[in-house]
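Working notes for the structure below.
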Amino acid sequence: MKQIILAISLLLLLSILGCGKSPGTLEKISVTLDWTPNTNHTGLYVAQELGYFTEAGLDVEILQPGQSITDQIVATGKSQFGVSYQENVIRARSEGIPLISIAAVIQHNTSGFASLKEAGITSVKDFEGKRYGSWDSPSELAILSNVMQAANADVNKVKVISGIYDFFSTIGKDADFEWIYYGWDGVIAAQRGVEINYIPLKDLNPVFDYYTPVLISSEDYLKDNPDTARKFLSAVKKGYEYCILYPDKAADILLKHVPELNNQQVQASVQYLCAQYQAEAAYWGLQEPEVWQSFANWMSDEKLISAPLNIDQAYTNEYLLP
């Protein structure tokens, strides 16, 4: 009898050691943000605060990129997941860097050109003779040129001011119009009583209704850890679904984790984004091939990438099936 008990005990021990971790141990992974924490990231903090990651068997650390670039951090395996943008993934794939977008954080591009109302910039044609505050994205000036050309306007008549990152401290002083994300700068402008004119990019050309931001991982990590990717996205999906249903509570959770953020701005921003996270998509995170193909084709046409891209390698919905 003792021999049987010892044999069973040995088999259990070998089974545990074979799994590489003891029962109940959470798998440690990290997700690196694209920038400092903001309302684009609310679902991640909700998943952490409400235990969705823990329920999935994960111990998730939410990191900021610091002086590094999130795409590089994820590509080199220093972080398993990250927050990036469709254009970055397309450019990375064109350069042989095997990043993959695994979910769309927001269904539509909520960015566009903004100016103080007093500047009188109500159309793209009005950009002529004005100063544009640039945040130095590789595709930024190509997009500006494209929308101006479509409006029979001359982009050469725009003075580009480089290194503009904060709308409220520079608009009307260093620049006349800038590129903003309405869900952040637009809502706070309304709260502050700052009257602006806003021209959404997606209204100027459907090709610019691309995914920004997206969640990314690396090809190698997904190949070796498909179950972890599914667990991670399942928890994140629950986090953003909570944001959609309970924006006030979700905003409070973000503020708890990032108390330095402005309370009113966060509350207003999440209220705006709760209708944008999923929009009309069948489920949160879904990515459509047409969105990837049209923007990749445009980047190729504009020589922002060296050759046409196989979009099937750039994004996947595989790990986010409902």
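For the chain, what relative contact order do you get, as a whole percent, if you take Cα pairs closer than 8 Å and at least 6 residues apart? Intermediate results must be reported in sequence, preceding the final value.
On the way: 557 pairs, mean separation 87.6, N = 322.
Result for the chain is 27 percent.
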So what's Rg/Rh here for the chain, counting alpha carbon atoms and using the Kirkwood radius for Rh? 1.05
Nearest 10 degrees, 0 to 90: helix 2-19 Cα axis against the chain principal axis: 10 degrees
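With N residues in the range 258-322, what two-decimal value do you get for its Cα radius of gyration over 2.2 N^0.38 Å? Please report the intermediate quantities before stating the final value.
Numbers: Rg = 16.9 Å, N = 65, 2.2 N^0.38 = 10.7 Å.
The range 258-322 yields a ratio of 1.57.
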Return one number: the angle in degrees, 0 to 90 and rounded to the nearest 10, between the long axis of the Cα atoms of helix 140-150 and the longest principal axis of the Cα atoms of the chain. 50 degrees
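Rank-order 228-239, 62-73 by packing density, defined as the average count of other C-beta atoms within 10 Å over each peptide's residues, highest first.
Working: 228-239: 22.4, 62-73: 15.8.
Ranked from most to least packed, the peptides come out as 228-239, 62-73.
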Can you tell me the relative contact order of the range 111-208? Whole percent, Cα pairs under 8 Å, sequence separation 6 or more. 46 percent
Given the C-alpha centroids of the range 80-144 and the range 36-57, what is the distance between them in whole angstrom? 25 Å
What lysines does Lys231 reach when the alpha-carbon gap must be under 21 Å and sequence neighbours fewer than 8 apart in one chain are set aside? Lys21, Lys28, Lys78, Lys223
Semi-axes of the range 27-152 from the Cα gyration tensor (sqrt of 5 times each eigenvalue, largest first, whole Å) come to 35, 18, 12
Taking K and R as +1 and D and E as -1, what net charge do the other residues with C-beta under 15 Å from the C-beta of Ser94 add up to? -4
Computed on Cα atoms, Rg of the range 111-208 relative to 2.2 N^0.38 Å comes out at 0.98
Please compute the net charge surrounding Lys223, taking Lys and Arg as +1 and Asp and Glu as -1 over other residues with Cβ under 14 Å from its Cβ. -4
Tilt of helix 226-245 relative to the longest C-alpha principal axis of the chain, in degrees (0 to 90, nearest 10)? 50 degrees
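What number does the range 113-170 give for Rg over Rh if you use C-alpha atoms and the Kirkwood radius? Mind showing how you got there, number by number?
On the way: Rg = 11.1 Å, Rh = 11.8 Å.
Taking Rh as the inverse mean 1/r over Cα pairs, Rg/Rh reads 0.94.
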Along the positive direction of the dipole of the chain (beta-carbon charges: Lys, Arg +1; Asp, Glu -1; about the Cα centre), which of Gln107, Asn262, Ile161 reaches farthest? Asn262
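So between Ser145 and Phe168, what do we pick up on full extension, going 0.36 nm a residue minus the alpha carbon distance?
Values: separation 23, 0.36 × 23 = 8.28 nm, distance 2.43 nm.
Residue separation times 0.36 nm, minus the Cα-Cα distance, leaves 5.9 nm.
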Between the range 276-322 and the range 61-77, the Cα center-to-center distance that results, in Å: 22 Å
With label points built 7 Å along Cα→Cβ from the Cα atoms of Asn263 and Glu302, find their separation and express it in nm. 4.1 nm
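Counting Lys +1, Arg +1, Asp -1, Glu -1, what net charge surrounds Val74 among other residues with beta carbon under 11 Å of its beta carbon? Before the final figure, lay out each step's value.
Details: positive: Lys78; negative: Asp34, Asp71, Glu219, Asp220.
Summing Lys and Arg as +1 and Asp and Glu as -1 gives -3.
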In straight Cα distance, which aspartates and glutamates are under 13 Å from Lys249, not counting same-chain residues fewer than 8 positions off? Glu49, Glu241
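What's the magnitude of the charge dipole for the range 29-153 around its Cα centre, counting Lys and Arg as +1 and Asp and Glu as -1 at the beta-carbon? Answer in Debye, nearest 20. Intermediate values should be presented prior to the final figure.
On the way: 7 positive and 13 negative charges, 78 e Å.
It comes to approximately 380 debye.
Above 23 Å lies some portion of the pair distances; for the range 193-285, what is it as a whole percent of all C-alpha pairs?
Numbers: 1864 of 4278 pairs.
Tail of the P(r) past 23 Å holds 44 percent of the pairs.
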Across the range 111-208, how many lysine pairs separated by 8 or more positions, or lying on different chains, have Cα atoms within less than 16 Å? 9
For the range 209-250, fraction of C-alpha pairs farther apart than 16 Å, in %: 53 percent
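Every number here is computed from the coordinates shown, using simple stated rules; none is lab data. Computed from a predicted model, the values in this text were never measured in an experiment. All Cβ positions, glycine included, derive from the backbone under ideal geometry; neighbour counts span all protein chains shown.
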